[in-house]
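Everything on this sheet refers to the single structure shown next.
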Amino acid sequence: MLIAIIFRTNFGDLYVKHFLTTNDWSQQELALLLQVAGKLKQSPINSKLKGRSIALLFLNPSMRTRTSFDLGMQQMGGIAIVLQPGKDAWGLEFETGAIMDGDAEEHIAEAAGVLSRYCDLIGIRAFPSFVDWSKDREDYVIKSLAKHSPVPVIDMETIVHPCQELAMMMTLQERMGSVAQRKMVLTWTWHPRPLNTAVANSALLMGTKFGMDVTLLCPEPDYLLDSQFMEAAKANAATSGGSLQISHDIDSAYDGADFVYAKSWGALPYYGRPEDEWVLRKNYRHFMVDEAKMALTNDGLFSHCLPLRRNIKASDAVMDAPYCLALDEAENRLHVQKALMMNLLGEK
Ligand code: CP
């Protein structure tokens, strides 16, 4: 899989470890991160990253990711620099060999080189362009950054959202203990327009990596996730003792579920053509998570990465129920990312 190629990059003798997707990391490495995150949750303030810094590049909006990375670094004695290329920093070009006669003033080769002279880590959020999935599926923006960065790079959401999946798993383990062989339903939900598949891709990878019996529920085959993630999830399940099922039937998918994870995403065969996708999408408002569906579960838990449109993706009653873990998961972003920054900087 292409994503794995630059998990580590070489700069002469320097060997750089990145966090671009959880599928580059073993289940044991991720479990250790979650253990450390648990300890940091109990004792949040330390000086382990005193004098260290992270540059946070946001090409798209954020509330949770920006706040939790910035605060997390401060809680460990470090500093975060937030930059919005194209707004308060120069617009960036990521393609090798580009003739830069468009809007971008700076190539990532120089930007990564400069930021790594100042900072110990670089995080980037760069949503796909929603024009050409055959290009976006290569995750070329973060790969280009990692290729040019002699310091570790963190994916803050591109076509995957690995920090979110760490937080999801930490939250589940807090409630369930071991998650192996527990039934997880990753359900597509209604939303008025096609959204990024990143969180769904990541949830699929993480659930299968930790041995869950994962059912991907979506309205029809056009809403299946990209084959690279479906195949990786199958491979994960084969290794972990979990399983992966596909369902287009709401009742049987929810039946007996221990955990329902909701996300809306666009149908990839219609990528870049939202008007055409609407012809499908308009039929599936009933995929919203509601109390009637949750009643089919095994007293199941529910979560979502947030932000969430209430009574569109999930009902008020579900969001306000004691089984809704969305706020716990959002809080745990802080703890898992602190553990991740420590790990990438060699701190125990
Ligand atoms: N879940 C998440 O990444 O939230 P933000 O988009 O607010 O960062």
Report task. Please work out if Met341 is touching a strand residue (DSSP E or B) at 6+ places or on another chain (Cβ under 9 Å) and open to solvent by 10 Å² or more (accessible area, probe 1.4 Å). Result -> no
Requested in this report: Go through region 142-234 and tell me which strands (runs of 3 or more DSSP E), entirely inside it, have 3 or more residues that are of a type outside the set (D, E, K, R).
Outcome: 183-188, 213-217
Requested in this report: Identify all residues within region 22-80 that are of a type in the set (S, T, N, Q), within 16 Å of the ligand (Cβ to nearest atom) and in a helix (DSSP H, G or I); write none if there are none.
Outcome: Thr22, Thr65, Thr67, Ser68
Query - Filter result for Leu296 (touching a strand residue (DSSP E or B) at 6+ places or on another chain (Cβ under 7 Å), outside any helix (DSSP H, G or I), of a type in the set (A, V, I, L, M) and open to solvent by 20 Å² or more (accessible area, probe 1.4 Å)) - result: no
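Picking from Leu195, Leu205, Leu217, which residue would you name as being open to solvent by less than 10 Å² (accessible area, probe 1.4 Å), at pLDDT 95 or above, assigned by TED's automatic domain parsing to the domain that holds Ser252 and within 17 Å of the chain's Cα centre (by Cα)? First the steps, then the outcome.
Numbers: Leu195 fails: open to solvent by less than 10 Å² (accessible area, probe 1.4 Å); Leu217 fails: within 17 Å of the chain's Cα centre (by Cα).
Just a single option satisfies the conditions, and that option is Leu205.
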Query raised in the report: For residues in region 312-334 being away from the ligand (no atom under 16 Å from the Cβ) and under 26 Å from Pro194 (Cβ atoms), which is surrounded by the most Cβ atoms within 10 Å (Cβ to Cβ)?
Result: Val318
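Select from region 256-269 the residues that are at negative phi, in contact with a Lys or Arg (Cβ under 9 Å, 6 or more places away or on another chain) and not in a helix (DSSP H, G or I) and list them in ascending order.
Going through region 256-269, the residues at negative phi turn out to be 257-269.
From what's left, in contact with a Lys or Arg (Cβ under 9 Å, 6 or more places away or on another chain): 257-260, 262-264, 266-268.
Hits for region 256-269 are Ala257, Asp258, Phe259, Val260, Ala262, Lys263, Ser264, Gly266, Ala267.
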Query raised in the report: Using beta carbons and a limit of 7 Å, which pairs, at least six apart or on different chains, have the first residue in region 23-50 and in contact (Cβ under 8 Å) with a residue 40 or more places away in the chain and the second one open to solvent by 60 Å² or more (accessible area, probe 1.4 Å) and assigned to a helix (DSSP H, G or I)?
Result: Leu34/Gln173
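The values are calculated or read from the model by the stated rules, or taken from the named source; none is laboratory data. Because the structure is a prediction, the values reported are computed rather than measured. Reconstructed Cβ throughout: ideal geometry from the backbone, glycine too, with neighbour counts over all protein chains shown. What goes into the accessible areas is simple: the full protein's heavy atoms, side chains included, and nothing from ligands, DNA or RNA. Shrake-Rupley method; radii C 1.70, N 1.55, O 1.52, S 1.80 Å.
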